[in-house]
1. Kindly indicate whether Ile292 is surrounded by 24 or more Cβ atoms within 10 Å (Cβ to Cβ) and either closer than 23 Å to Lys100 by Cα or within 16 Å of the ligand (Cβ to nearest atom) (or both).
2. Of Thr400, Thr457, Thr448, Thr390, which residue is at pLDDT 90 or above and part of a helix (DSSP H, G or I)?
3. I'd like to know if region 559-566 contains one or more residues that are touching a residue at least 40 places away in the same chain (Cβ under 8 Å), assigned to a loop (DSSP other than H, G, I, E, B) and either more than 18 Å from the chain's Cα centre (by Cα) or within 16 Å of the ligand (Cβ to nearest atom) (or both).
4. Considering only region 1-66, give the strands (runs of 3 or more DSSP E) lying wholly within it that have at least 3 residues that are farther than 16 Å from Ser554 by Cβ and either free of Cβ contacts under 8 Å to residues at least 24 places away in the same chain or touching a helix residue (DSSP H, G or I) at 6+ places or on another chain (Cβ under 7 Å) (or both).
5. Condition first: assigned to a loop (DSSP other than H, G, I, E, B) and buried (at least 19 other Cβ atoms within 10 Å of the Cβ). Now tell me which residues in region 159-180 satisfy that.
6. Hey, among the residues in region 94-124 that are within 16 Å of the ligand (Cβ to nearest atom) and acidic (Asp, Glu), which one's surrounded by the fewest Cβ atoms within 10 Å (Cβ to Cβ)?
7. Failed condition for Ala268, given (1) within 16 Å of the ligand (Cβ to nearest atom); (2) over 30 Å from Val472 (Cα atoms), with all others met?
8. Residues to consider are Tyr82, Tyr97, Tyr156, Tyr89; find the one that is modelled with pLDDT of 95 or more, more than 29 Å from Val564 (Cβ to Cβ) and not in a helix (DSSP H, G or I).
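The values are calculated or read from the model by the stated rules, or taken from the named source; none is laboratory data. The shown structure was predicted, so the numbers you read here are calculated from the model rather than taken from an experiment. Using ideal geometry, Cβ is built from the backbone for each residue, glycine included, and neighbour counts are taken over all protein chains shown.
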Amino acid sequence: ASLYRIDRWGPPYFAVNSSGNIVVRPYGADTLPHQEIDLMKVVKKVSEQKSAGGLGLQFPLIIRFPDVLKNRLESLQSAFDYAIHSQGYESHYQGVYPVKCNQDRFVVEDIVEFGSSFRFGLEAGSKPEILLSMSCLCRGSPEAFLICNGYKDSEYISLALIARKLHLNTVIVIEQEEELDLVIDISRKLLVRPVIGLRAKLRTKHSGHFGGTSGEKGKFGLTTIQILRAVRKLEQAGMLDCLQLLHFHIGSQIPSTSLLADGVGEAAQIYCELVRLGADMRVIDIGGGLGIDYDGSRSTESDLSVGYGLDEYAAAVVQAVRCVCDRKFVKHPVICSESGRAIVSHHSILIFEAVSATAANTQPMSLGLGFQYLLDGFTEEDRADYANVTAAAVRGELETCLLYSDQLKQRCVQQFKEGSLGLEHLAAVDGVCDIVSKALGATDPVRTYHVNLSLFTSIPDFWAIGQIFPIVPIHRLDQRPGVRGILSDLTCDSDGKVDKFIGGESSLPLHEMGGGHGGNGGGYYLGMFLGGAYEEALGGLHNLFGGPNVVRVSQSDGPHSFAVTRVVPGPSCGDVLRAMQHEPELMFEALKHRAEECGHEDEIASAALESGLARSFHSMPYLTTAATVTCAMVNS
Ligand code: PLP
């Protein structure tokens, strides 16, 4: 566990059991030993063939743990409840979940259900997001906020006003000055009294990667001049009482509570000024930014970590708001936060299989035989270099050996390009050079493990912004890993590899894979943890690899301590083709027609050809490994 730092980033949800498997602790620190869920047991249940009692699902797989999600929400709420109670704060905390972090229907529905007893709401940033939030919140608490952020046109604003007509507690947050005119206009037309928020551009700046939206030059929000103009405009329209919320967001992954308190304090000053100017202020919405400690280092220096936990975060926020409001004799506002990363990151684990690994060293041709046998094809100079290599080897002068072998190789590559040297000759020279560099310890000891995954679909932030997640084998953790490796995905793209890991490592300790030459054959499972936020929504269709299969696993007191409560199959080849405007049904018909035209097969062979084609459209784009090949046949 310490080799992979699981003891640092894992608690309170992930640990390693005595069998060397990762276990999920669904209720965090309150999990009892018999409630722990062995991830390998889940993987077995989900991937094993149906005939063996499994669900026959292919990798990659996302396993969602709703109990973890519930625990995250409750922990956030109780951190604020505690800070409010202990500091004598005279209002309450009422959070919202920014659906952009993971818009999956079942994730959002779970959040609304789990949070309804404490009025937890949703935040939307686009028209489809507001539509999904409206429909999900119909089943939430009537007091839950629906916060409408992002760029808005009249259609977006109309939707938000309709939401108010539907008695959803909707707040339209003005991010650009022009939006206010639209809100005033449309609300008059629709005869709805809106509740309006203003997003302030704070001076407080978060200097990490995620701080791009903060500071005076940030993308969103109103400057002080614009805030004053908005107040005046609302006053003239007789709508100053509609202004009830102040919002800001200084960026995701806020590194320290001191920066947080600085930002919240500045916003609280603006809040108090808005009260003074006559607005009917009730809520301060501190945006997102509650961070995740991906590497468990508790460092405030990197985007990978943060120097606080939930309790410290909540305490810093409550204190900053309270101090400013008390000084100005302003009634304490409801505190709202839009934490996304901190709510959904832990509950979902991406599981993928290593299907093969490069051999430790490519098998070199025997120096003597290969070269001697082919000597005739080489030039005088080549033969002289070869003689020098062997003579230096006999004398044990490895550096000289390397010098001559490099010289030999360079010349032979040129001769090959010119067409004067055969492939066997070049291979023999490569073999000689491999032996020499191996003897010098100069070969790269890092292996490449090929994984049944698309980085661009499932870990897009690694490729896009260098975001690093904990990636570890989910079993065999009671065995010392014998090699180091990087992970190479299925896409035909040289960027499709993971070669940076937590702890600043450029390779990962890995176990030898069983099976054939070079360790092929699958059966080695890795998990990417803390990736429940942003990755699914950002993932693309590079090489037409679609999303993974998704299963929802709840803790149960039954014999396995878990139950699979939902299965959502990932997109098939047909589905991903459709996403790029191809029409799988027509494609199938065209290919079938072509098969008939070619028609020299008997009836049985042509039926097999047709069903083979049909199966391909219905199967997933990922590799069908030994374990799943039969079930794919059975399923189709
Ligand atoms: N609110 C707004 C306005 C955002 O832009 C974001 C994302 O950056 C969030 C909330 C969620 O932030 P986080 O995931 O850091 O909680």
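1. Spelling it out, it is not the case that Ile292 is surrounded by 24 or more Cβ atoms within 10 Å (Cβ to Cβ) and either closer than 23 Å to Lys100 by Cα or within 16 Å of the ligand (Cβ to nearest atom) (or both).
2. Thr457
3. There is at least one residue in region 559-566 that is touching a residue at least 40 places away in the same chain (Cβ under 8 Å), assigned to a loop (DSSP other than H, G, I, E, B) and either more than 18 Å from the chain's Cα centre (by Cα) or within 16 Å of the ligand (Cβ to nearest atom) (or both).
4. Passing ranges, in order: 14-16.
5. Correct list: Leu168, Glu175.
6. That would be Asp104.
7. (1)
8. Within the list Tyr82, Tyr97, Tyr156, Tyr89, the selection yields Tyr89.
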